[in-house]
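The values are calculated or read from the model by the stated rules, or taken from the named source; none is laboratory data. Not measured: the values here are computed from a predicted model. Glycine gets a Cβ as well: all are built from the backbone with ideal geometry, and neighbour counts include every protein chain shown. Ligands, DNA and RNA are excluded from the accessible area calculation, which covers all protein heavy atoms including side chains. Shrake-Rupley method; radii C 1.70, N 1.55, O 1.52, S 1.80 Å.
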Amino acid sequence: MESLQKRIGLMAVMLLLVTLISGCRGQLTVTVPLPMLVNNPADFDDRKIVTQGVVRHFNDPLHYWIEDEYLNRVEIFPHQEIAPYLGETVEVEGQFHFSPHEGRRLILARVDQLQRE
């Protein structure tokens, strides 16, 4: 009987931990390489992420993005916060969003210029 109570108690604790972890899922920041964001964008929709790439832009219509050497790209918002880093390799952190109509977007929370090698 005591063994059954221990198992039930252990299962209750495990269930509580799983519930807490899954409830906090959206609050965790994960580091994701650009190829993974490009190939599996829905997996990271509405998640806090960190990634890196070179800042590029296009004028008509004006937009900024980061890309890697394989041209994997994620658009960065707000434009005025990323614009000063044009041509630089940066690490960005923010809220990632994906939709088939609007593509892959990151709303910046932080941008850091990386050292050139």
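If you go through region 78-90 and keep only what is among the aliphatic types (A, V, I, L, M) and surrounded by fewer than 17 Cβ atoms within 10 Å (Cβ to Cβ), you end up with Ala83, Leu86.
Criterion applied to Glu93, Glu67, Glu75 was being touching a strand residue (DSSP E or B) at 6+ places or on another chain (Cβ under 6 Å), open to solvent by less than 40 Å² (accessible area, probe 1.4 Å) and either modelled with pLDDT under 95 or not hydrophobic (A, V, I, L, M, F, W, C) (or both), and the one residue passing it is Glu67.
Residue-by-condition table, conditions (1) under 16 Å from Phe98 (Cβ atoms); (2) part of a strand (DSSP E or B); (3) modelled with pLDDT of 55 or more:
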| position | (1), (2), (3) |
| --- | --- |
| Val13 | no, no, no |
| Val30 | yes, yes, yes |
| Pro35 | yes, no, yes |
| Val38 | yes, no, yes |
| Asp43 | yes, no, yes |
| Gln52 | no, yes, yes |
